Amino acid sequence: MRKETGIELTRRALDMLEREDTTREDDVYLSPVDSYICPDWLALEKQTLFKDYPLLVAFSCELPQAGDFITNDDIGVPLLVVRGKDGSISAFFNTCKHRGSKLVTGCGRVQGGLICPYHAWNYDLDGQLRVIPDKGSFPGVDKAEHSLESLPVVEKYGMIWVCPTPGKTFDIDAQLGGLNNGLVDDLKTYKFESYHPYAQRRLHRKMNWKLMLDTFLEPYHFAPLHPNTVGPLLHHNLCLLDTYGQNLREAVIRKSIDSLRDEPEDTWDFPLHSAIVYLLFPNTGLVMQRDHVELWRSFPVANKPDECIVQMDYYIPEPAQTQSAKDHWERNMDLAVRTVLEEDIPGVEGMQVGMTSGAMTHSTFGRSEPALIHFEREIARSIGRA
Ligand code: FES
Ligand SMILES: [Fe+2]
């Protein structure tokens, strides 16, 4: 984040604290429970959000060298992302053109090319079919027509986005709300390409995929739900919201910010006194903590509005090489994971049961939950249910 942005946000936070205010919507928002429980609603989301939109699939730092790859089976198509010999990124269906076997699993580094484990068809890192073993048994089969099926991909700001529909094009800056807006400005300054992947957690939980993201989008729950973890560190029910198209930046404020009142503005370090949540529409929550980044991605499970897969990736600025560094990050990550796993998610799974019970037709989002309102409204709009 640029220093001027941090100073402006600090001013806004101190002003709100003085007025005991927060960012507020004009009115309450009624969010239909169908959004969380209806299979038709989910089908529309999958068709639109998980087919037509660019989805964040990795940070560049996960694939630093030629042959580095990641796979993803959560977005609805088997996805393979790989760095080529020239340093560029490609995305393909992770599907061999012989008989459809998966080419690779998990993540890792291949030397030279991609060799199918089933019958050893051999592809270049740019997806071209290079070798068909026992070629004589495939008369008339043109290698050029059996290259891997590619998917649109963009690498920018140390992040990699893929649209899971072949042939589609996308403009990632337009999706981020426009070139040189506050969001893009912030992303540029973070230099995610120089971070280091530290840990990853995957969860399969009984809740709608949006509920995982919702939990990051309002500080109205901090004091009651987190009294012994992050609650004492953060100002309750105070957020600064800025929206960028369908995306948003929501800063929640550490109590330590109070000490800045008596300090000169040019010494203010906003990220040190806040946690900054970016919602990268549709399914990514990026949380900038003081010294690390958490990437939370949520994926629906086909035909099951009440289930989701959540992947949390934890990135740190320097590799953890010493035991004391490892201890530091373990403690740090433990607080983040414990807060979410033991407090947010059980609360949210309870909401899922409540919304399915027939007891209610809608959730009532208050004026002090503007980020939540923005997200749910944009979801409804994007699938024609607003
Ligand atoms: S399925 Fe890949 S080589 Fe046969
Ligand atoms: Fe929470």
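Could we say that residue 225 is open to solvent by 60 Å² or more (accessible area, probe 1.4 Å) and either assigned by TED's automatic domain parsing to the domain that holds residue 366 or farther than 30 Å from residue 352 by Cβ (or both) here?
Answer is yes for this residue.
So, in the stretch 265-321, exactly how many residues are in contact with a Pro (Cβ under 8 Å, 6 or more places away or on another chain) and acidic (Asp, Glu)?
Residues in the stretch 265-321 being in contact with a Pro (Cβ under 8 Å, 6 or more places away or on another chain) and acidic (Asp, Glu): 3 in total.
Can we say residue 1 is aliphatic (A, V, I, L, M), assigned to a loop (DSSP other than H, G, I, E, B) and open to solvent by less than 70 Å² (accessible area, probe 1.4 Å)?
So residue 1 fits the description; yes.
Please state which one of 237, 208 is surrounded by fewer than 22 Cβ atoms within 10 Å (Cβ to Cβ), modelled with pLDDT of 95 or more and in contact with a Pro (Cβ under 6 Å, 6 or more places away or on another chain).
Residue meeting the stated conditions: 237.
Here are some residues: 286, 341, 335. Which one is aliphatic (A, V, I, L, M) and part of a strand (DSSP E or B)?
Just a single option satisfies the conditions, and that option is 286.
Would you please name the residue that is surrounded by the fewest Cβ atoms within 10 Å (Cβ to Cβ), looking only at residues in the stretch 55-71 that are touching a Pro at 6+ places or on another chain (Cβ under 8 Å) and not β-branched (Val, Ile, Thr)?
Step by step, filter the stretch 55-71, then rank; the result is 61.
Being touching a strand residue (DSSP E or B) at 6+ places or on another chain (Cβ under 9 Å), of a type in the set (Lys, Arg) and either in a strand (DSSP E or B) or buried (at least 20 other Cβ atoms within 10 Å of the Cβ) (or both) is the filter here, so list the residues in the stretch 151-205 that pass it.
Within the stretch 151-205, 201, 202, 205 meet the criteria.
Restricting to the stretch 129-150, name every residue that is open to solvent by 30 Å² or more (accessible area, probe 1.4 Å), farther than 30 Å from residue 285 by Cα, in contact (Cβ under 8 Å) with a residue 12 or more places away in the chain and out of contact with any His (no Cβ under 7 Å at 6 or more places or on another chain).
130, 143, 144, 146
Give me the pairs, please: first residue somewhere in the stretch 207-222 and in the same structural domain as residue 234 (by TED's automatic domain parsing), second residue anywhere and in a loop (DSSP other than H, G, I, E, B) and within 9 Å of ligand 2 (Cβ to nearest atom), beta-carbon distance under 8 Å, and either six or more positions apart or on two chains.
Going by the 8 Å Cβ cut-off, the qualifying pairs are 221/215; 222/230.
The values are calculated or read from the model by the stated rules, or taken from the named source; none is laboratory data. Note that the structure is a prediction, hence the values are computed from the model and not measured. When we count neighbours, we look across all protein chains shown, and the Cβ atoms used for this are built from the backbone with ideal geometry, even at glycine. Heads up: the accessible areas ignore ligands, DNA and RNA and are worked out on the full protein's heavy atoms, side chains in. Shrake-Rupley method; radii C 1.70, N 1.55, O 1.52, S 1.80 Å.
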